[in-house]
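Input: a single structure, listed below in C-alpha cells.
The values are calculated or read from the model by the stated rules, or taken from the named source; none is laboratory data. Since the model is a prediction, treat every value here as computed from it, not as a measurement. Here the Cβ positions follow ideal geometry from the backbone for every residue, glycine too, while neighbour counts run over all protein chains shown. All accessible areas refer to the heavy atoms of the entire protein, side chains included, with ligands and DNA or RNA removed. Shrake-Rupley method; radii C 1.70, N 1.55, O 1.52, S 1.80 Å.
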Amino acid sequence: MNYEWQMPRDPFADDPNDPASFLDEDEQAPPLSEDERALLSQELDLVRRFRTVLTPHGINGIFFYCDDCDEQHFYDWDIMEGNMLATLAGELAPVHEPSAQPNPNAYVPWDYCLGYLDGLNAQLR
Ligand SMILES: [Zn+2]
C-alpha cells in the first residue's frame, strides 16, 4: 500500500533552493583549518620527496602503529598521496585501508624517511 497521496505536498518540492538539498550531500569531512591545510600540504610535499629518494631503494611506503586498530598500517606512497589530496579537497580519506598483503620489509616509519631526507640534505651542504 502506498499512502503517499495522503501526505502534505513538500512545500519545497519544486524549489531549487530547497534548504534540505544541502543536507543530503555525500558525507563530507569537517573543513580543514588553515593550520591543518598548511601542515597537510607540507606532508604531501614530503611524501613526494620520500617517494623519489626511497623507491629506488625498494621502499614502497611507510608504516605506523595504529592505536584504533591495534596493529601496523602500511601505506604505499601513491595511497598516501591520494589520501592527502582527498583530504585537501574536503573528501574523507580511507585512513584504515592499508595495502593488501604488504611486504613489511618494503615499509619504513615516517621518522625514518625524515631522517633519510635530512641525511641527503646534509650531504649536499
Ligand atoms: Zn587503523
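For this structure, a couple of remarks:
- Stretching the chain fully between His57 and Ala122 yields a gain of 21.5 nm (0.36 nm per residue, less the alpha carbon separation).
- Charge dipole magnitude, Cβ of K and R +1, D and E -1 - segment 30-124, Cα centre, debye nearest 20: 480 debye
- Net charge over other residues, Cβ less than 12 angstrom from the Cβ of Leu54 (K, R count +1; D, E count -1): +2
- Segment 30-124: relative contact order as a whole-number percent, Cα under 8 Å and 6+ apart: 31 percent
- Of Val47, Pro30, Ala93, farthest towards positive along the dipole that unit charges on Lys, Arg, Asp, Glu beta carbons give segment 30-124: Val47
- Rounded to the nearest 5, the antiparallel percentage of DSSP beta bridges internal to segment 30-125 is 75%.
- Judged by the ratio a/c of the largest to the smallest principal axis of the C-alpha gyration tensor, segment 30-124 counts as oblate, that ratio being 1.5 or greater while a/b is no larger than b/c.
- Where segment 30-124 is the region considered: accessible area per residue in Å², 1.4 Å probe: 63 Å²
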